[in-house]
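*Asks:* Structure in structure tokens, see below.
The values are calculated or read from the model by the stated rules, or taken from the named source; none is laboratory data. Predicted, not measured: the structure shown is a model, and the values here were computed from it. Note that we place each Cβ from the backbone using ideal geometry, even for glycine, and neighbour counts take in every protein chain shown. Accessible surface is based on the protein model in full, side chains and every heavy atom, while ligands, DNA and RNA are left aside. Shrake-Rupley method; radii C 1.70, N 1.55, O 1.52, S 1.80 Å.
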Amino acid sequence: MQIRSPEFKQNARIALTDVGLQKALGNVKTGFPDKRAKAVARMPEFDALRDQARDLKNHILQHLDLYLEIFEANVIKQGGQVHWCRTAEDARQTILRLCQEAGAKTVTKGKSMVSEEINLNAHLEAHGIQPVETDLGEYILQLRGDHPSHIIAPAIHLNLEDVSETFHQHHHKPKSMDAAVLMQEARETLREKFVVADVGITGANFLVAETGSTLIVTNEGNGDLTQTLPKTHIVVSSIEKVVPTLEDMSLFLRLLARSATGQEFTVYNTLSSGTKRLGDQDGPEAFHVVLVDNGRSDMLGGELQEMLRCIRCAACMNHCPVYGAIGGHAYGWVYPGPMGSVLTPQMIGIEQAALLPNASTFCGKCEEVCPVRIPLPKLMRHWRKNEFERHLTPQAARWGLGIWAFFAKRPSLYRLLSRISNLSLRSLAGKKQRIEKLPFGQAWTQMRDMPAPSGKTFMQQWQARNKTGHNS
Amino acid sequence: MKEPSTQPLVGFFVTCLADLYRPEVAFASIKLLELAGCRVEVPSQQTCCGQPAFNSGDNKNAAALAKQTIAAFADYEYVVGPSGSCIGMLHHYPELFEERDPWKQRALDLKARAFEITSFLVDVRDFTQIQSRFQGQVTYHDSCSGLRELKIKQQPRQLLAQIPGLTLTEMEDAETCCGFGGTFCVKYPDISNRMVSNKAESVHQTGAELLLGGDLGCLLNMAGKLSREGRRVAVRHVVEILADEFAQPALGQAADASLAYPA
């Protein structure tokens, strides 16, 4: 996927005037935060579970190597194989090789953000293998040559009209505006693909160390067909998805669905445990787990380690007023919203992603709703600090900050500066008490007025009172 | 910990915006503190809490300003200011120092003594003597830092409920950010504008004549948007109403009523 994060500001401006996108974004609030709030209200122990989940994730991350090795040993016991991939390139090559070894022409795919992260589809296509997305949202995007704008609702930026038009073009059927009809069309088309696919690729929401199982949660059941029908099942997952036991997994599942969609439980929770056994009616003959690091182990032991607790519920972006205003594509890479603003710099480099950690008011809503209590504003601040130290912060901002700090560190000079600013603002405002056009402050006054100071500075007035004995 | 005194000595943290834009906010706060039985002083060595540096990743200057603030308020039983955001910054100070740095302990000590005005009045002073003659319908915006870093939600509402003539109508999404965000509003003006437009609409929908809040940054942002859109909603810091100090025109409003709104 082409990186467009350096153009974040321009992307955001375009997004704000995109009528269709703005209409689609209007569905986010009613679709997610309102439902989450209801689900949380029905569960008094929700916050206690969040604490447990945070602590458990911290424990796992402390012993990540151990749990991954136990996971691998159990995958092998179940007849599968684990492939360790340090980089996105390693992962792409490994999956391509596995597909080629299986003689694959077409592969079906369940929704997987890690596969987006490693840009898998383009790589397979370039080598003559046709990937077919089977998640409805991803399927729509694939037909359109588009990319996800959200990690659990990839096509949230589209409206019914868009889908209707796309299906009309690709399915060669009469145009319909009935969602049920459109869904049926997709279902019929995908059924054929499921049957002929040589390989099924899915992601994983969790990897269970004690059983060597992988788990996916879906609301469509597409993942089940993707992973049970073809002879080869490849799971692509990042390393931090491992949990020790099935019981631990269920703790996260209780939080995941509620935080994501407000469901008490996702419709399909499907475990894959190795290859087809004697007497099994179906299942793959080959089972591969491709474990992707791609910068994650570098986050261990540092301030960013907390980000590895993320269970990809998307609550942070669903509740983010910035995401709500501009949608996911403006962020310019795979992971949008607050979690993306922390993760993207790690994966594509802070030089390219410099604007993302700054695109937050630090309102703290993301941290408030995070099921595993990731301090997202703190981690965005970590990147801002990194940018400042490496002189990636724009020069004008550095200068401004430097001059301001020079005064702020000298109280009597600071008083003088406040007095001068106060006087200037008041004289610019005149009797109207507000400024409609502020020199050097266009970014403010283009959009809103600047109220004027109501009188002299407080410090001036306070000193005057105290001198004349009016100290209240 | 020491026994709290009956007439504690409070060091008042003015905040840059109250100093520059709205001295009434500082005077009203001091009046409330005195009504709540405190002795109040304004240390002259205070300037800015350092948040602009901290949020821009300039921890060196943030730490320098933290030290300056810690030193300026070393001798006070409490530090109180009219902003959840600035006081929230004082609560961040310990993050700026290493474990072994002696400033770490001093920062923790300041943090334990630092309160936003409404939470100080309610949580520390259990203050119930609000005497204000305000009559009318208001709405309240929960500024993010106060709400999420300092857990300020019920405190201003409890105080406002003591004013007989005041009706509080809650707006939709009162807890949603107004788009100010310090330098965010000038770094990302288009996004900020969308956020403050949404907020102005929520405020307007309540039918309230007055918007109150606890942070001048957010209030300036919302007042500026409301007046630009020609919406007839006045904007004030909550302490102005609580202290019965609303003789001054509201934020950005002219004393001469004919100049109050765009034609």
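*Asks:* Mean residue ellipticity at 222 nm from the helices of the protein assembly as shown, using -39,500 (n - 2.57) per DSSP H segment of n ≥ 4 over the full residue count, to the nearest 500 deg cm²/dmol? Working shown, then result.
*Replies:* Details: 34 runs with 346 residues, N = 735.
Theoretical 222 nm ellipticity from helices: -14000 deg cm²/dmol.
*Asks:* Further, regarding this structure: Over chain A, consider all pairs of different Cα atoms and compute the Kirkwood hydrodynamic radius from their mean reciprocal separation; express it in Å, one decimal. Before the final figure, lay out each step's value.
*Replies:* Numbers: mean 1/r = 0.0404 Å⁻¹.
Hydrodynamic radius (Kirkwood, Cα pairs) of chain A is 24.8 Å.
*Asks:* Strictly under 4.7 angstrom between C-beta atoms: which cysteines of chain A have no such partner?
*Replies:* A:85, A:99, A:310, A:313, A:320, A:370
*Asks:* I've got another one for you. Give a quick list of trypsin sites (Lys or Arg not before Pro) in the stretch B:128-166 that DSSP marks as loop, anything other than H, G, I, E or B, with at most 13 other Cβ atoms within 10 Å. List each step's numbers first, then the result.
*Replies:* Numbers: sites: B:133, B:148, B:151, B:153, B:157; in loops: B:133, B:151, B:153.
Of the trypsin sites (Lys or Arg not before Pro), the ones in loops of the stretch B:128-166 whose Cβ has at most 13 other Cβ atoms within 10 Å are B:133, B:151.
*Asks:* Which of the aspartates and glutamates could a cross-linker bridge to residue A:77, judged by Cα under 20 Å and excluding same-chain residues fewer than eight apart?
*Replies:* A:65, A:69, A:210, A:280, A:282, A:285
*Asks:* Using a 1.4 Å probe on the heavy atoms of the protein chains only, list every residue of the stretch A:446-460 that has 40 Å² or more less accessible area in the complete assembly than in its chain alone.
*Replies:* A:447, A:448, A:449, A:451, A:454, A:458, A:459
*Asks:* When N counts the residues of chain B, how does its alpha-carbon radius of gyration compare numerically with 2.2 N^0.38 Å, as a ratio? Could you put the intermediate results ahead of the total?
*Replies:* Numbers: Rg = 18.2 Å, N = 263, 2.2 N^0.38 = 18.3 Å.
Chain B yields a ratio of 1.00.
*Asks:* Which of the helices in chain B meet the span-like rule: DSSP H, Cα axial reach of 15 Å or more, Kyte-Doolittle mean at least 0.5?
*Replies:* Numbers: long enough: B:23-35 (18 Å, 1.02); B:59-72 (19 Å, 0.01); B:102-113 (18 Å, -1.26); B:189-206 (26 Å, -0.96); B:216-228 (17 Å, 0.61).
Once both thresholds are applied, what remains is B:23-35, B:216-228.
*Asks:* I'd like the distance separating the alpha-carbon centroids of the stretch B:49-108 and the stretch B:124-185, in whole Å.
*Replies:* 25
*Asks:* In bins 10 Å wide, starting from 0, what share of all Cα pairs of the stretch A:1-90 does each bin hold, as a percent?
*Replies:* Calculated P(r), rounded to whole percents: 12, 17, 21, 33, 16, 1.
*Asks:* Whenever you get a sec, compute what percent of the accessible area on chain B sits on carbon and sulfur atoms (1.4 Å probe). Before the final figure, lay out the partial values.
*Replies:* Working: 4940 of 9990 Å².
Roughly 50 percent of what the probe reaches on chain B is carbon or sulfur.
*Asks:* Per residue of A:381-391, count partner chain C-beta atoms within 10 Å of its C-beta, then hand back the mean as an integer.
*Replies:* On the way: counts 7, 1, 1, 6, 7, 1, 2, 7, 4, 1, 0.
Average per residue, whole number: 3.
*Asks:* Next question, about the same structure. Can you compute the charge dipole magnitude of the stretch A:409-467 about its Cα centre, using +1 on each Lys and Arg Cβ and -1 on each Asp and Glu Cβ, nothing else charged? Give it in debye, rounded to the nearest 20. Mind dumping the intermediate values first?
*Replies:* Values: 13 positive and 2 negative charges, 59 e Å.
The dipole of the stretch A:409-467 has a size of about 280 debye.
*Asks:* Moving to a separate point now. log10 I(q)/I(0), Debye, Cα-only the stretch A:409-467, no solvent, q = 0.21, 0.28, 0.29 Å⁻¹?
*Replies:* -0.84, -1.09, -1.12
*Asks:* Interface A/B, total buried accessible area with a 1.4 Å probe, nearest 100 Å²? Provide the component values of the computation, followed by the final result.
*Replies:* Values: alone 22780 and 12910 Å², together 29870 Å².
The buried area between A and B, both sides summed, comes to about 5800 Å².
*Asks:* Based only on Cα atoms, what mean projected area does the convex hull of the stretch A:32-298 have, in nm²?
*Replies:* Numbers: hull surface 58.8 nm².
That works out to 14.7 nm².
*Asks:* May I pose another question? Restrict the search to the stretch A:154-222; then list the trypsin sites (Lys or Arg not before Pro) that DSSP places in a loop and that have at most 15 other Cβ atoms within 10 Å of their Cβ. Numbers along the way, then the final one.
*Replies:* Details: sites: A:175, A:187, A:191, A:193; in loops: A:175.
Hits after loop and neighbour filter: A:175.
*Asks:* Can you give the accessible area of residue A:196, probe radius 1.4 Å, in Å² rounded to 10?
*Replies:* Accessible surface of residue A:196 is approximately 90 Å².
*Asks:* Round to a whole angstrom and tell me the spacing of the C-alpha centers of the stretch A:1-72 and the stretch A:178-257.
*Replies:* After rounding, the separation between the Cα centres reads 19 Å.
*Asks:* Of the chymotrypsin sites (Phe, Trp or Tyr not before Pro) in the stretch A:236-313, which ones lie in a loop per DSSP and count no more than 10 other C-beta atoms within 10 Å?
*Replies:* On the way: sites: A:252, A:265, A:268, A:287; in loops: A:265.
Passing both the DSSP loop test and the Cβ count: no residue.
*Asks:* Oh, and also: Report, largest value first, the span of the C-alpha coordinates of the stretch B:130-227 along each principal axis, in whole Å.
*Replies:* Projected onto the principal axes, the Cα atoms of the stretch B:130-227 cover 42, 28, 19 Å.
*Asks:* For the stretch A:350-413, report the translational diffusion coefficient in µm²/s to the nearest whole number, using Stokes-Einstein at 20 °C, 1.002 mPa s, and a Kirkwood Rh over Cα pairs. Numbers along the way, then the final one.
*Replies:* Numbers: Rh = 13.5 Å.
D = 158 µm²/s.
*Asks:* Could you please put A:282, A:248, A:90 in sequence from largest to smallest accessible area, using a 1.4 Å probe? Numbers along the way, then the final one.
*Replies:* Working: A:282 90, A:248 35, A:90 65 Å².
Result of the area sort, largest leading: A:282, A:90, A:248.
*Asks:* Just check the stretch A:242-375 against the gyration tensor rule for me: Cα atoms, a ≥ b ≥ c as the square roots of the eigenvalues, rounded for a/c under 1.5, and otherwise prolate or oblate depending on whether a/b exceeds b/c.
*Replies:* Numbers: a/c = 2.15, a/b = 1.65, b/c = 1.30.
Prolate shape, in that a/c is at least 1.5 and a/b is the bigger ratio.
*Asks:* Cut-off under 23 Å on the C-alpha distance; same-chain residues fewer than 8 positions from residue A:467 excluded. Which lysines are left, in chain and number order?
*Replies:* A:456, B:31
*Asks:* Probe 1.4 Å, all protein chains in place: accessible area of residue A:404 in Å², nearest 10?
*Replies:* Taking all protein chains as shown, residue A:404 has close to 50 Å².
*Asks:* For chain A, with all protein chains present and a 1.4 Å probe, just round the carbon and sulfur fraction of the accessible area to a whole percent. Each step should come with its number before you reach the end.
*Replies:* Working: 10590 of 19880 Å².
Roughly 53 percent, rounded to a whole number.
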